[in-house]
Amino acid sequence: MPAVQRVSGRAFLTGTGQNDYPLGFTNELISGHFMEATGAEIVVRCIAEEGVEFVFGYPGGAVLNIYDEIFKQNRFKHVLVRHEQAAVHAADAYARATGRVGVALVTSGPGVTNAVTGIATAYMDSIPIVVVTGQVPTPAIGMDAFQEVDTVGITRPCVKHNFLVKDVKDLAATMKKAFHIASTGRPGPVVVDVPKDITYHKTEFEYPASIEMRSYNPVVKGHSGQMKRAVQMLLEARRPMIYIGGGVVLGNAAAQLTELATLLGFPVTNTLMGLGGHPATDRQNLGMLGMHGTYEANMAMQHCDVLLAVGARFDDRVIGNPAHFAREQRRIIHVDIDPSSISKRVKVDVPIVGDVKSVLTDMLALLRQAKEKPDAAALNAWWTQIELWRAKNCLKYNRQSPIIKPQYVVEKLWDVTKGDAFVTSDVGQHQMWAAQYYKFDKPRRWINSGGLGTMGVGLPYAMGVQLAHPEAQVACITGESSIQMCIQELSTCKQYRIPIKIITLNNRYMGMVRQWQEFFYGSRYAESYMESLPDFVKLAESYGHIGMRIEKPEDVEAALREAFSPALKERLVFMDFQTDQTENVFPMVEGGKGLSEMILAEEL
Amino acid sequence: MNNNHHRHIISLLMENEAGALSRVAGLFSARAYNIESLTVAPTEDATLSRMTIVTVGSEDIIEQITKQLNKLIDVIKVMDLTEGRHIERELMLVKVKAVGAGREEMKRTADIFRGRIIDVTDSTYTIELTGTGSKLDAFLEAIDPAFIIETVRTGASGIGRGERSLKA
């Protein structure tokens, strides 16, 4: 079996072996019409009908019938992970990188509880995924059966919706609803819990082409009167600002947003989730805002007089203390697909509920028709002010250091990959440095856990991205602490020959914890030192990958060039960069402080 | 932001699905919203449930509550009854001691509140009362608390006046 598996892994990454899947015999599943199908067949056929490429999963008792049907088909590929959390993360990353629904399959009980972190991560970042979970047979539900857990109850607070299928006749429609709900409106994860007896019950199968739900009809078009008011307000602005979040990326509206910004000549800032929604190398882009945002972005956000917020939600890491933010008078236009995100933390003057792409397209048309133009003199004065803020050069760091600076590694990664890589990250200092120093010009290139802040996502995220884009350069920027949270996936990468490049910024600390302890806890580094680290080079090698340890700044670029060279294109490279243990992320807005009250590197 | 807290009666129509109630209850606990009372039952259309929630919050919180309720996939319609003219009713059953001179007094008080005595023993009455929550509160204040054996209240149900209605 392992030999066959390896061949299949290579085949589907190089894209040559669609049909040499091990034992993947074809049957009526492909084109025929079953009069009757088992629940397991229905699950598999629904997934295939949705055009799913990959299902990330892990088998177990309650899903064995489904796995048996997966064995018999070759319309989609199953990727066997080493822990259910990684299955959901990989499906989530696939969705982030492609815009299509990611799919994961796990067994009941511990399969579900392991998946919960992945589901909650996707929920916080509004990522469309469908997670099919096994459940004990219906007569056993509530009997404390082996591997039983109340899946619908345990996942309810971290899903967009969930279903427990109690009758095989409802299964196909439920699967259709799951994909529909996950991918429309404000996207999010949907769980379909399928008891084992449902997987062998039979019914006539027909996959519905579409589904109507009287209780679920997300708004698409923006309100025309509100959009007119918004355009008028933008044209009257003297110190305008455009603030964009993950909604611009998820709503595939980066092109419209960029067009709007260019037409108006207004400054743009992105949230952590919005990186790539407007090109970072564009002069109008002020970089990320928020707790670790740039000086110019945060100052402009605080002092603007008209703010256009698009697909963003004014969260605590973005605007800091809301009372401090509200001290400055400004009029706010807020475009979002989710009405509950509007006027939640900050009062808004012009709310526009709708799909961001549709709304921006309509606003562009209105702007083009408008006779007025923005006040050029006022805008010039505003840009002059912004350039003064930008001149602070808030992202400067010591380039003469004899120890590797983490920022330098990210900058060099940008050079080596020509700014065109897909970059995943874990959570902590390295995540912030990746966000600050890798200039994302395109959407869906930056894959990270923004809302939940889940350490351990980086490696499984990179797997999902690389499978979605086999020819792309995929880098996972991580730390020595985060990478250990899902390190078992090096084995999955071996099985499927997933040639990602892991950039570990190894400072032997949980860096962000250490930074907070230094600033706010009198440098008492309680349990943040990462002792007893493995030899990452040998660890990578033991999985059949390539390991590199880089200790000097002068070796950084050469090592990166080698890792991304054509010779190693097919290989996973694990790079262990020994970085400065004392480096901190700047600028920083302390929790509870105002957005313009930043600590800058030079002030320490 | 507006911080004056007021009592609101929120009425919602939702799919009569297993777990629908727990989605609403879970939303209130997860987001730390108050629930004073919650009642739910199927409507004349058995696929629909009608729920009445009494909650207290500032205008901003009530706005969030209605938005978050609307976001639940099973919820079809949400209406804040207190935004317009409406009728509110609650049913209460009170079991009281009814002995000696107090027995006649208890009957008189129940009559004043248009209560009905629906169960009688030689030492107790069980009184049925309907009305607004504040009327039921007033009755409980009017009788000697030492006489109360137990009280059961349904929580408020509400409906809009006149043409104002909540339909799927």
* Asked: Per residue of B:14-24, how many C-beta atoms from partner chains lie within 10 Å of its own C-beta, taken as a mean?
  -> 2
* Could you work out the Kirkwood radius for region B:8-59, taking every pair of different alpha carbons, averaging 1/r and inverting it, reported in Å? => 11.5
* Structure fact -> Here the residues of region A:47-64 lying in the modelled label zone of residue A:143, meaning backbone nitrogen under 19 Å from a point 7 Å along Cα-to-Cβ, are A:61-64
* Asked: Separation between the residue B:134 and residue A:442 pseudo-spin-labels, each 7 Å from Cα along Cα→Cβ, expressed in nm?
  -> 6.4
* May I ask you to derive the relative contact order of chain A, considering only C-alpha pairs under 8 Å and at least 6 residues apart, and to give it as an integer percent? => 14
* **Added length on full extension, which subtracts the Cα-Cα distance from 0.36 nm per residue, residue A:526 to residue A:219** => 105.7 nm
* Antiparallel bridge percentage (DSSP; both residues within the protein assembly as shown; nearest 5) -> 40
* To do: Among A:336, A:282, rank each residue by its count of other Cβ atoms within 10 Å, from fewest to most, as a rough exposure measure.
  => A:282, A:336
* In region A:170-191, which residues have a backbone nitrogen under 17 Å from the label point lying 7 Å from residue A:98's Cα in the Cα-to-Cβ direction? -> A:179-180, A:182-184, A:188-190
* Asked: How large is the dipole of chain B about the Cα centre if only Lys and Arg carry +1 and Asp and Glu carry -1, each at its Cβ, rounded to the nearest 20 debye?
  -> 160
* **chain A: angle of helix A:84-98 to the longest principal axis, Cα-based, in degrees nearest 10** => 60
* Label-to-label distance, nm, for residues given as residue B:30 and residue A:210 (7 Å Cα→Cβ offset) -> 3.0
* Please state the charge dipole magnitude for the protein assembly as shown, taken about the Cα centre, from unit charges on C-beta atoms (+1 on K and R, -1 on D and E), reported in debye and rounded to the nearest 20. => 1400
* Sorted by Cβ density within 10 Å, fewest first, the residues A:177, A:593, A:396, A:371 -> A:371, A:396, A:593, A:177
* To do: Can you tell me the dipole magnitude for region A:306-368 around its Cα centre, using point charges on the Cβ only (Lys, Arg +1; Asp, Glu -1), in Debye to the nearest 20?
  => 200
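Using the beta-carbon distance between residue B:114 and residue A:113 and R0 = 56 Å, what value does 1/(1 + (r/R0)^6) give for FRET efficiency, to the nearest 0.05?
0.55
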* Asked: Tell me, what HN-Hα J-couplings in whole Hz come from the Karplus equation 6.51 cos²θ - 1.76 cosθ + 1.60 at θ = phi - 60° for each residue of region A:565-577, using x for Gly and Pro?
  -> 6, x, 4, 10, 4, 8, 10, 7, 10, 9, 9, 9, 8
* To do: Report, by chain and number, residues whose modeled amide H sits under 5 Å from the one on residue B:124, excluding near sequence neighbours (fewer than 5 apart, same chain).
  => B:98
* Asked: Over region B:14-104, one equal point on each Cα, no solvent: what is log10 I(q)/I(0) by the Debye formula at q = 0.21 Å⁻¹?
  -> -1.13
* What ranking do A:581-589, A:91-99 get when scored by the average of other Cβ atoms within 10 Å per residue, highest first? -> A:91-99, A:581-589
* Asked: Hey, got the average number of other protein chain Cβ atoms within 10 angstrom for residues in A:211-220?
  -> 3
* Under-5 Å amide H pairs with residue A:193, H placed in peptide plane, nonlocal only -> A:133, A:163, A:164, A:165
* To do: Would you please give the FRET efficiency between residue A:396 and residue A:229, computed as 1/(1 + (r/R0)^6) with r the Cβ-Cβ distance and R0 = 45 Å, to the nearest 0.05?
  => 0.60
* Once the Cα gyration tensor of region A:352-464 is diagonalised, what are the square roots of 5 times its eigenvalues, in whole Å and ordered largest first, as equivalent ellipsoid semi-axes? -> 34, 24, 13
* Convex hull volume of region B:75-125 per residue (C-alpha atoms, cubic angstrom) -> 117
* Kirkwood Rh and Cα Rg combined as Rg over Rh, evaluated for region A:452-576 -> 1.00
* Structure fact -> Computed from every Cα-Cα pair in region A:40-172, P(r) in 10 Å bins starting at 0 and rounded to whole percents is 13, 46, 36, 5, 0
* Asked: For chain A, what does -39500 (n - 2.57) per DSSP helix run (n ≥ 4), summed and divided by total residues, give at 222 nm, in deg cm²/dmol to the nearest 500?
  -> -11000 deg cm²/dmol
* Structure fact -> Averaged over all viewing directions, the convex hull of the alpha carbons in chain B casts a projected area in nm² of 11.8
* If one takes the longest principal axis of the Cα atoms in chain A, at what angle in degrees, from 0 to 90 and to the nearest 10, does the Cα axis of helix A:356-369 lie? -> 40
* Structure fact -> Under 5 Å from the placed amide H of residue A:348, counting only residues 5+ away or on other chains, we find A:343
* Which value in nm describes the separation of the simple spin-label points at residue A:370 and residue B:101, placed 7 Å from the Cα toward the beta carbon? -> 8.1
* Which whole number gives the average, over all residues in B:59-72, of C-beta atoms from other chains lying within 10 Å of the residue C-beta? -> 3
* To do: For helix A:224-236, report the angle its Cα long axis makes with the longest principal axis of the Cα atoms of chain A; keep it between 0 and 90° and round to the nearest 10°.
  => 30
* To do: Taking the Cβ of each residue in B:165, A:596 as the centre, tally the other Cβ atoms inside 10 Å and list the residues starting with the fewest.
  => B:165, A:596
* Asked: Between residue A:385 and residue A:538, what is the FRET efficiency for a Förster distance of 51 Å, r being their Cβ-Cβ separation, to the nearest 0.05?
  -> 0.40
* Using alpha carbons only: equivalent-ellipsoid semi-axes of the protein assembly as shown, gyration tensor based, whole Å -> 49, 36, 26
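Read the figures in this text as sums done on the coordinates, not as results from a lab. Since the structure is predicted, the reported quantities are computational estimates derived from the model, not experimental observations. As a convention, Cβ positions derive from the backbone with ideal geometry for all residues, glycine included, and neighbour counts pool all protein chains shown.
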